[in-house]
Amino acid sequence: MTSAKRTAIACLLLSYVLLGRAAAQSDKDDGPTSDLSFLVVKDENGKPVRSAALIMHPVNSRGKQGRGDLELKTDADGKASFDGIPYGKLRIQVLASGFQTFGEDYDVAQPKMAFTIKLKRPQGQYSIYEDRPAEKKDDKTPPPDPNAKPQ
C-alpha cells in the first residue's frame, strides 16, 4: 500500500469520525437549555464555601445517571454558573473538604435557575471505646420478671 493510499484512507476515516461527532452534537442542541447559577454556603453561618467541587450529572427517565458529567469549582464568594444545560433531570453533587457531601436531583425546566446549597459539617461518630451518656429508660416500664413463664 502506497503512502498516498494510506493518507487517503486516514483522511476518509477522520472525516467519518468528525461527521459522527457533529451529528451527535446537533442532536443534543435541539431542545431548550437553561442557565444555572449556584451559591454554596456553610449551613451554620451562611458564609460562602470556596473551591467546592460542583458536579452535574444528567439523569434519564428511569433515574439512572447518564454520561456527560460537568464539574465546576466555586469562586471565593461560593458562586459558580454554567450556561446551556438541557432541560430535564439533573443530579447535583457538591464536595468540599471538611463538609458532608451534598447530592440531590433537580428538574431543569426554566431558562434561568438559581440554587443555594447549604453544606453541613460531618456528624460525630460513635465508638464502643468512648463513654456515652447513659440512655434514659422509661420509668413506667417495670423490669422483666426472671421467674415469669413464657406465654
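Every number here is computed from the coordinates shown, using simple stated rules; none is lab data. As the structure is a prediction and not an experimental result, all values here were calculated from the model. As a convention, Cβ positions derive from the backbone with ideal geometry for all residues, glycine included, and neighbour counts pool all protein chains shown.
A compact table of results
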{"item": "Amide proton proximity set for Ser34, modelled H, under 5 Å, gap of 5+", "result": "Gly84, Ile85, Tyr87"}
{"item": "Interchain or long-range residues, amide H under 5 Å from Gln100's placed H", "result": "Lys120, Arg121"}
{"item": "Cα convex hull volume per residue for the range 32-119 (Å³)", "result": "88"}
{"item": "Label point distance in nm, Asp69-Glu44, each placed 7 Å from Cα along Cα→Cβ", "result": "2.9"}
{"item": "Count of lysine pairs in the range 32-119 with Cα separation under 26 Å (8 or more residues apart, or interchain)", "result": "21"}
{"item": "Pair Glu104, Arg121: separation of 7 Å Cα→Cβ label points (nm)", "result": "2.2"}
